[in-house]
Amino acid sequence: MVAKRVSIFGATGSIGQNTIDLIRRDRPGYNIVALSGGRNIAQLACDAIDLQADIAITAFEDLLEPLRVALTGTGIEAAAGQTALIEAASRPVDWVMSAIVGIAGLLPGLKALEQGATLALANKESLVCAGALLKETASKHNARILPVDSEHSAIFQALVGEDITEVERIIITASGGAFRDWPLERLKTATLAQASSHPNWDMGQRITIDSASMFNKALEVIETKEFFGVDPTQIEVLVHPQSLVHALVGFKDGALMSHLGAPDMRHAIGYALHWPQRKDLPVQRLDLGTAPALEFYAPDLERYPALRLSYEVMSKGGLSGAAFNGAKERVLDHFIAGRIGFLDMASLVETVLEQADAQTGLIETAMSLDNVMRTDHFARTEVDRIVSTSTTYK
Ligand code: NDP
Ligand code: MG
């Protein structure tokens, strides 16, 4: 058997570590080319040594020295910064895990597609900001993008052997996050610690907070449109507190196909890793006889304004997704830093979207990497400007 050449970007994070867990269980089947991380140098070096990677890269140049020291005598290359990340992403491999958090994942993902690799895409932000660009690049280089987000993996699996033109609707489920049952008034007081704990999923801090605010679901609604090419009116969200049904696909004959599984990202990562085959995965098997009752209900758009905004973003199109994501990433920074409240995040993003709309030639320009980055920069700068000049914020 020929070993699969693999690179993992965002290897030190929650998705990256779950990917490594699967690879480690079937070690001879893989040849690890590049592993990237951010600030967690100890984890990066440890995994690079264990998996005998060719190169380990930290995104931050100031951390090159500690990475070099940790890899001394191992024969593994140590590198740091954007240029090094891009160089590593351009090395030929068969399969790439895109698990960097935020728009920082976009360029490595594009580079991986340019060399024809299969891109397992956890980094939904890149699809939200630059879906057309990613898809164009994939098709130009005969590369493939596979979903890793649990909902999108579920949709993808429900669509095997089906014709997308026969799909009537796609329903993605949402756990409701940490504040599922909180009334609007109480949400104003939500703290960072409260927003950082998820009832069902164990994930990185940023996506956990995004789950509480439903910004994560908002990104996923847009991700659904980009991945499957359906009309926004065909995409529905249902709150499903048990997180066992990940998505449902409704066909024109009224049939609903759903995907169920324990809330464990190794399901979706493993499916993308082994696709088009299925292999045994170390995930809990559901016993529906003893599982909690499955509940579903419509989300309250007043409590979750991010969800409403995602439909506005899709109807505007163009670079609106880049403005939305850029503003969302920056308000999250401010919430984590304690400068703004939980509900301020959505209202600030809404304001910035209105401003982006009013800027001639911003969101309606052609999609290119430069234009995506320009729109992202505009959105972040606007958030910073409002937060620093308004007396409402600390
Ligand atoms: P984590 O925060 O756990 O990990 C993020 C990874 O990105 C880490 O390796 C981190 O390095 C690295 N990183 C952070 N900042 C930068 C940067 N500026 N440049 C390059 N690398 C950076 O996130 P998750 O694993 O939870 O999420 C990763 C992606 O997967 C996100 O896009 C998320 O939306 C998506 N996703 C996650 C799911 C989950 O269950 N966790 C489910 C579905 C999608 P370090 O830690 O060393 O600083
Ligand atoms: Mg998801």
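The values are calculated or read from the model by the stated rules, or taken from the named source; none is laboratory data. This structure is a prediction, so every number in the text was calculated from the model and none was measured. Methodologically, a virtual Cβ is constructed for each residue, glycine included, from the backbone with ideal geometry; neighbour enumeration extends over all protein chains shown. Areas reflect the complete protein model, heavy atoms only, side chains present, ligands, DNA and RNA absent. Shrake-Rupley method; radii C 1.70, N 1.55, O 1.52, S 1.80 Å.
Quick notes on this structure:
- Geometric descriptor of region 83-242, per residue, is 130 Å³ (volume of the convex hull of the Cα atoms).
- When the solvent-accessible area of region 111-214 is split by element, carbon and sulfur atoms take up 45 percent of it, the probe being 1.4 Å.
- For the chain: rounded, prolate or oblate by the Cα gyration tensor [a/c cutoff 1.5]: rounded
- For the chain: accessible area per residue (Å², 1.4 Å): 41 Å²
- A cut-off under 12 angstrom between Cβ atoms defines the neighbours of Lys252, and their net charge, with Lys, Arg +1 and Asp, Glu -1, is -4.
- Of the peptides 48-58, 157-167, the order by per-residue mean of other Cβ atoms within 10 Å, starting with the highest, comes out as 48-58, 157-167.
- Per-peptide packing, taken as the mean over residues of other Cβ atoms within 10 Å, places 268-276, 338-346, 380-388 in the sequence 268-276, 338-346, 380-388 from highest down.
- Region 178-244 and region 259-320: distance between their alpha carbon centers, rounded to Å: 10 Å
- Between Arg169 and Glu136, the simple label model (points 7 Å from Cα in the Cβ direction) yields a spacing of 3.4 nm.
- Kirkwood-based Rg to Rh ratio, region 100-174, C-alpha trace: 0.99
- Taking the three principal axes of the alpha carbon atoms in region 240-394, the coordinate ranges are 56, 36, 33 Å, sorted in descending order.
- Sites listed here are trypsin sites (Lys or Arg not before Pro) in region 238-320 whose DSSP assignment is loop and whose Cβ has at most 15 other Cβ atoms within 10 Å: Lys252, Arg278, Lys279, Arg285.
- Region 184-272 pair-distance distribution - Cα-Cα, 5 Å bins, rounded %: 3, 11, 17, 23, 21, 13, 8, 4, 1, 0
- Seen from Glu168, the other residues with C-beta closer than 11 Å to its C-beta sum to a net charge of -2, counting Lys and Arg as +1 and Asp and Glu as -1.
- Cross-link pairs Lys124/Lys394; Lys188/Lys316; Lys140/Lys279; Lys140/Lys252; Lys217/Lys316; Lys135/Lys279 - those with Cα-Cα distance over 23 Å: Lys124/Lys394; Lys188/Lys316; Lys140/Lys279; Lys140/Lys252; Lys135/Lys279
- The candidates Glu220, Glu312, arranged from most to least accessible area with a 1.4 Å probe in the full protein assembly, appear as Glu312, Glu220.
- For region 1-28 and region 73-139, distance of Cα centres in Å: 15 Å
- Percent breakdown of C-alpha pair distances by 5 Å bin, ordered from the shortest bin, for region 24-171: 2, 9, 17, 19, 19, 14, 9, 5, 3, 2, 1, 0
- Here the accessible area of region 253-382 is 53 percent carbon and sulfur, with a 1.4 angstrom probe and all protein chains present.
- Apportionment of accessible area to carbon and sulfur, region 14-100, percent (1.4 Å): 53 percent
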